[in-house]
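The values are calculated or read from the model by the stated rules, or taken from the named source; none is laboratory data. Predicted, not measured: the structure shown is a model, and the values here were computed from it. Here the Cβ positions follow ideal geometry from the backbone for every residue, glycine too, while neighbour counts run over all protein chains shown. In case anyone asks, the SASA skips ligands and DNA or RNA and just uses the protein heavy atoms, side chains included. Shrake-Rupley method; radii C 1.70, N 1.55, O 1.52, S 1.80 Å.
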Amino acid sequence: MDALLALDQGTSSSRALIFDRAGRLLAVSQRELPQHFPQPGWVEHDADEIWTHQVECAREALAEAKVRVAAIGITNQRETVVLWDRKTGRALHKALVWQDRRTADFCEQLKRQGLEPRVRELTGLLLDPYFSATKLRWLLDNVPGARERATRGELAFGTVDSWLLWKLTDGQVHATDPSNASRTLLFDIRRGDWSDELLAAFDIPRSLLPEVRPSAGDFGQAVEFGVPIAGIAGDQQAALFGQAALAPGQAKNTYGTGCFLLMHTGTQARTSMQGLVTTRAAQVDATAQYALEGSVFVGGAVVQWLRDGLHAVRSSSEVQALASSVPDAGGVVFVPAFAGLGAPYWRPDARGALLGLTRGTTQAHIAHAALESIAFQSAAVLAAMNADVGAHERLTELRVDGGASANDLLMQFQADLLGIPVLRPRVIETTALGAALLAGLGCGLYESAEDVGAIWQLERAFEPRMSRDEAGARMAQWERAVRQVLAG
């Protein structure tokens with residue numbers, strides 16, 4: 001039986017999953033990935049630990065599944081920056097995670113210089129620490145000798161996909177795909193190439209950069225496993241593909257560490273007027289594909305905070321039961337701006353707040369408000385997306401995935417706020433599934449994107465129950481809370 005191995009390297013864990021040709025999950029192995037916070041607003045990962053965990057998970061999943069693997073697909077946390085030595089294959093510094101805000105002041109400086117309109121025109125992105133370029137610039141300027149060595153061609157830069165690809169191929173392949181390249185602030189999304197203009201603006205040598213290849217195709221051989229690597233996509237674009245959202249107007253929301261709502265726009269790069277970004281979708285051939293995206297910085301991470309920060313639960317799986325022990329949040333509104341606010345607000349300076357506390361507030365009310373905060377943020381993004389596309393293209397359904405999408409309370413509240421069905425597939429591991437399906441296309445196991453689209457199956461549809469007046473009042477309450485946070 002032909003099977004596909006997906007390496008799913010995320011913000012909170014590294015995983016390996018094996019799927020059969022029909023998209024059924026055969027085996028999974030996972031390691032939790034520690035995060036490092038050397039200063040407030042700084043977030044780092046150990047790049048060597050990422051690699052070690054990922055390859056250990058792959059070995060374990062293969063041993064469990066006992067099947068022949070036709071190809072490997074890689075999907076990854078995007079924007080996170082790794083800088084390494086081409087000769088030794090060792091990272092020069094811990095990876096700077098997409099949540100890291102250390103370059104916020106530098107971004108503001110570049111905005112004052114008037115760079116943002118040109119950045120937006122070329123990349124579809126905003127000038128924000130979220131994206132890779134200013135993080136890479138920080139490493140070049142702050143790691144002793146890094147800039148000089150980069151100028152001499154001794155170093156390589158990549159997002160996590162490139163790092164894993166380099167390690168898997170023993171340094172033979174330094175490449176990425178358009179979905180990851182388009183998150184760096186260095187890639188011209190319409191030309192489909194690195195921008196010399198932006199490289200000069202950020203003072204980054206072109207020699208650092210990986211080759212950009214289509215998301216499905218030849219990425220070399222995984223030396224240890226003797227298997228071709230045939231698919232790569234950033235986690236959110238992989239999830240869009242795994243959700244079979246392959247046509248313009250289809251959308252998904254992934255509830256992971258953050259929340260990421262993407263709408264496919266086909267071969268058209270649409271410019272948002274509502275604080276969203278334009279990005280490249282997974283690309284199976286030479287034809288560019290695009291999407292509109294809204295990113296919520298803190299989604300499922302709020303559940304981790306309830307566990308590790310507040311100690312309200314012992315495990316993340318207990319949150320639904322705690323939240324369901326009360327009928328509502330008791331007037332509490334939680335704005336979890338631990339790392340600033342993403343779309344559609346884009347305020348890196350925002351900080352989290354609990355509003356509406358009384359003597360009667362319990363941990364259960366806070367847990368309820370925490371889950372609601374995930375849905376509120378996603379609803380704000382969807383409202384921005386609907387405003388961008390216009391009434392005739394408004395979303396009529398939302399496909400959901402990611403760990404927190406298993407939470408029925410959250411999914412029902414999301415449907416209530418949006419007023420449209422929320423569709424949860426049988427396989428909610430759609431990020432990994434998307435990477436596997438791209439690899440299947442890349443190695444010839446599937447003939448077309450339409451073949452893989454037929455694999456998607458519905459597990460449950462959450463229909464809205466709340467009146468539109470009540471939903472509007474709840475969203476207004478949320479927006480008032482956000483305004484208070486921003487005013488502070």
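Every listed requirement among (1) under 19 Å from the mean Cα position of the chain (by Cα); (2) open to solvent by 10 Å² or more (accessible area, probe 1.4 Å) is met by V67 save one, (1).
Report whether or not R183 is without any contact (Cβ under 8 Å) to a residue 40 or more places away in the chain and either of a type outside the set (S, T, Y) or assigned to a loop (DSSP other than H, G, I, E, B) (or both).
Numbers: without any contact (Cβ under 8 Å) to a residue 40 or more places away in the chain: no; either of a type outside the set (S, T, Y) or assigned to a loop (DSSP other than H, G, I, E, B) (or both): yes.
No: the conditions fail for R183.
Taken over segment 301-320, the criterion of being over 20 Å from V97 (Cα atoms), assigned to a helix (DSSP H, G or I) and either in contact with a Leu (Cβ under 9 Å, 6 or more places away or on another chain) or open to solvent by less than 70 Å² (accessible area, probe 1.4 Å) (or both) is satisfied by L306, R307, S316, E318, V319, Q320. Is it true that R270 is in contact with a Ser or Thr (Cβ under 8 Å, 6 or more places away or on another chain) and open to solvent by 30 Å² or more (accessible area, probe 1.4 Å)? Answer is yes for this residue. Considering segment 249-262 alone, what residues qualify as being farther than 12 Å from V400 by Cα and either crowded, with 24+ Cβ neighbours inside 10 Å or touching a Phe, Trp or Tyr at 6+ places or on another chain (Cβ under 9 Å) (or both)? Across segment 249-262, the qualifying residues are T257, G258. In this structure, D328 does not satisfy being in a loop (DSSP other than H, G, I, E, B) and more than 26 Å from D416 (Cβ to Cβ). Pairing each residue of segment 82-105 that is β-branched (V, I, T) with any residue that is open to solvent by 20 Å² or more (accessible area, probe 1.4 Å) and modelled with pLDDT of 95 or more, provided the two are 6+ apart or on different chains, yields C-beta distances under 7 Å for V82/A91; T103/W138. Among the residues of segment 141-164, count how many are assigned to a loop (DSSP other than H, G, I, E, B) and open to solvent by less than 10 Å² (accessible area, probe 1.4 Å). So the answer is 1. Of all residues in segment 393-420, those that are on the phi > 0 side of the Ramachandran plot have Cβ atoms under 7 Å from Cβ atoms of residues that are hydrophobic (A, V, I, L, M, F, W, C) and open to solvent by 20 Å² or more (accessible area, probe 1.4 Å), 6 or more apart or on another chain, in G402/I428.
Open to solvent by 30 Å² or more (accessible area, probe 1.4 Å) and among the small types (G, A, S) - does that describe any residue in segment 202-211? Yes, segment 202-211 contains a residue that is open to solvent by 30 Å² or more (accessible area, probe 1.4 Å) and among the small types (G, A, S). Counting residues in segment 342-359 that are in contact with a Phe, Trp or Tyr (Cβ under 8 Å, 6 or more places away or on another chain) and surrounded by 24 or more Cβ atoms within 10 Å (Cβ to Cβ) gives one or more. Restricted to segment 369-488, the set of helices (runs of 4 or more DSSP H) holding at least 3 residues that are at pLDDT 90 or above comprises 408-418, 430-442, 468-487.
Looking across E470, E429, E459, one residue alone is open to solvent by 50 Å² or more (accessible area, probe 1.4 Å) and touching a residue at least 60 places away in the same chain (Cβ under 8 Å). It is E429.
Every listed requirement among (1) buried (at least 19 other Cβ atoms within 10 Å of the Cβ); (2) assigned to a loop (DSSP other than H, G, I, E, B) is met by K167 save one, (2). Kindly indicate whether any position in segment 221-244 is charged (D, E, K, R), open to solvent by 10 Å² or more (accessible area, probe 1.4 Å) and over 16 Å from the mean Cα position of the chain (by Cα). There is at least one residue in segment 221-244 that is charged (D, E, K, R), open to solvent by 10 Å² or more (accessible area, probe 1.4 Å) and over 16 Å from the mean Cα position of the chain (by Cα).
The set of residues in segment 98-126 being open to solvent by 20 Å² or more (accessible area, probe 1.4 Å) and on the phi > 0 side of the Ramachandran plot consists of G114 alone.
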